[in-house]
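The values are calculated or read from the model by the stated rules, or taken from the named source; none is laboratory data. Small disclaimer: the values here were computed from a predicted structure and weren't measured. All Cβ positions, glycine included, derive from the backbone under ideal geometry; neighbour counts span all protein chains shown. For accessibility, only protein heavy atoms count, side chains too; no ligands or nucleic acids. Shrake-Rupley method; radii C 1.70, N 1.55, O 1.52, S 1.80 Å.
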Amino acid sequence: MTDLRGKTLVASGFHMPERGTVDELTDALITIGEDGAIISILRPGDADYEAEKRTLSAEGNLVTLPAGAFLLPGFVDLHVHAPQYPQLGQALDVPLEVWLHQYTFPLEARYADIAFAKRSYGLLVDDLLAGGTTTALYFATIHQDASRLLADICLERGQRALIGKVAMDNPDQCPDYYRDASPEAAIGGTQALIDYIHAHPDNGEALVRPVITPRFIPSCTDAALEGLGALAKSCGCHVQTHCSESDWAHGYVLERHGMTDTGSLERFGLLGRRSVLAHSNFLTPPDMETIRVRQAAVAHCPVSNAYFANAVFPLKAALEKGLHVGLGTDISGGPIGSMFDAMRGAIMVSRMLETGTDPNLPPEARSRQANSRVDFRDAFYLATTGGGIALDLPIGRFEPGYQFDALVIDTTAENGTIRLWDDLDRGEAILQKIIYTASKPNIATVWVGGRPTIQGHRTLA
């Protein structure tokens, strides 16, 4: 598999610079700089296309994808609980607050064992990259050594990542065996990880970035939230947390602070352009407006919401209001690690929101929300461009100045699940089939910043 830095790729594929319009690339010349960013894109018919192609071929700097291979932007997963990977697909039959205390906190506490952390995090990063996730926004644990190890592994494997040491110091909601000892410990530990990532000798290109990570309001004291907000203002780092996820979490904040999660996060200085709010199912209209004005983003997690949120996030309404929205798998509240599954889940739940779900009621009485469905185009946009916008990073699309984070879908893979018919499938129809039917064997190659990260079933480039 070829390192594309300093080379030009001839590729057909798809991306969505703007919501609603798929841009199809056909034999495009994509030139990647030594820094991994796209320098230029030429298409057949452009004035310099043929001459440039001949020159590059003569110089040996041209790499060509074969027929049946399609280029997509790398996927951006906006919500991953990295330590929860070992329980993926387990413990999904209890309420959120039970799930946390009976299963999740005991598992996360095990990351005090660095050997356990190394095995778990290594598998997670490898599996996500193999599934086409080139950028992940990670919750880690309270442990400094394990959180640093996650950063080391992402740098070693070549995944773009944003990593936060979880802050959770509230003794009323966090167990004695797994919490920060004090607000000062939560804030100081966050600062220590920020310093480690910024000073990492292998992180000169800022492939990995630190994130201020109050787990959610119930797990943090007001002193910790205030200190983390001040830290966010001083360092300009990203912020991630959960927001109005479930009836219980939403109600808890209303009772404790007399306002919604959104209002409380804003009050503590945790709501800004680089804030990502996971779930956000119970946003009020004023909440949506506040998030829009602050230019924060929502990590829509459609699959995990079905298990723990008690509601469906009004995705289309948020998009039409102008909110920044991307997709998250929410490992392991969502029993998925694939952004293909997240895309399919977003489409499915939006249709249920529009049509209602109770067959014993007539259509007009099924708690329907009209005009709520999204299609494969919106789902693809959220998984790529939308994620890049949410993180305020130049990723998620093929444009000059953007990092060449990409995956190749091999529609002819022997063990793949895509079936194309020459007389039926052209243009957007191919992208639609990829989104609905692709599986891991169809992912042949993944690049982050032009550098290869995984090898598929056969060499394509």
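Of all residues in region 32-63, count the ones that are in a helix (DSSP H, G or I) and not aliphatic (A, V, I, L, M). So the answer is 8. Of the residues Leu137, Leu124, Leu107, which is in a helix (DSSP H, G or I) and closer than 26 Å to Cys237 by Cα? So the residue among Leu137, Leu124, Leu107 that is in a helix (DSSP H, G or I) and closer than 26 Å to Cys237 by Cα is Leu124. Of the residues making up region 258-290, those that are surrounded by fewer than 17 Cβ atoms within 10 Å (Cβ to Cβ) and assigned to a helix (DSSP H, G or I) are Arg267, Pro285, Pro286, Glu289. Number of residues in region 148-199 that are in a loop (DSSP other than H, G, I, E, B) and either open to solvent by 20 Å² or more (accessible area, probe 1.4 Å) or farther than 19 Å from Ala230 by Cα (or both): the value is 13.
The single condition from (1) among the aliphatic types (A, V, I, L, M); (2) crowded, with 24+ Cβ neighbours inside 10 Å; (3) within 24 Å of Tyr177 (Cα to Cα) that Val239 fails is (3). Look at Gly45 and say whether it is modelled with pLDDT under 95, farther than 30 Å from Cys154 by Cα and open to solvent by 70 Å² or more (accessible area, probe 1.4 Å). Here the answer is yes, as Gly45 does meet what is asked.
Scan region 394-435 for residues that are within 17 Å of the chain's Cα centre (by Cα) and either farther than 30 Å from Leu162 by Cα or open to solvent by less than 20 Å² (accessible area, probe 1.4 Å) (or both) and the total you get is 7. Tallying residues that are surrounded by fewer than 16 Cβ atoms within 10 Å (Cβ to Cβ), among the charged types (D, E, K, R), part of a loop (DSSP other than H, G, I, E, B) and at pLDDT 90 or above within region 349-381 yields 1.
Quick one: in region 212-226, which of the residues that are surrounded by fewer than 24 Cβ atoms within 10 Å (Cβ to Cβ) and in contact with a helix residue (DSSP H, G or I) (Cβ under 6 Å, 6 or more places away or on another chain) is farthest from Ala185 (Cα to Cα)? Looking at the filtered set, the residue picked out is Pro218.
Does region 116-125 include one or more residues that are aromatic (Phe, Trp, Tyr), touching a Pro at 6+ places or on another chain (Cβ under 9 Å) and surrounded by fewer than 22 Cβ atoms within 10 Å (Cβ to Cβ)? Yes, region 116-125 contains at least one residue that is aromatic (Phe, Trp, Tyr), touching a Pro at 6+ places or on another chain (Cβ under 9 Å) and surrounded by fewer than 22 Cβ atoms within 10 Å (Cβ to Cβ).
Does Glu18 satisfy the criteria of being at pLDDT 95 or above, under 21 Å from the mean Cα position of the chain (by Cα) and surrounded by fewer than 17 Cβ atoms within 10 Å (Cβ to Cβ)? So Glu18 passes the test. The residues of region 64-101 that are in a loop (DSSP other than H, G, I, E, B), among the small types (Gly, Ala, Ser), surrounded by fewer than 24 Cβ atoms within 10 Å (Cβ to Cβ) and out of contact with any Pro (no Cβ under 9 Å at 6 or more places or on another chain), listed by number, are Ala67, Gly68, Ala91.
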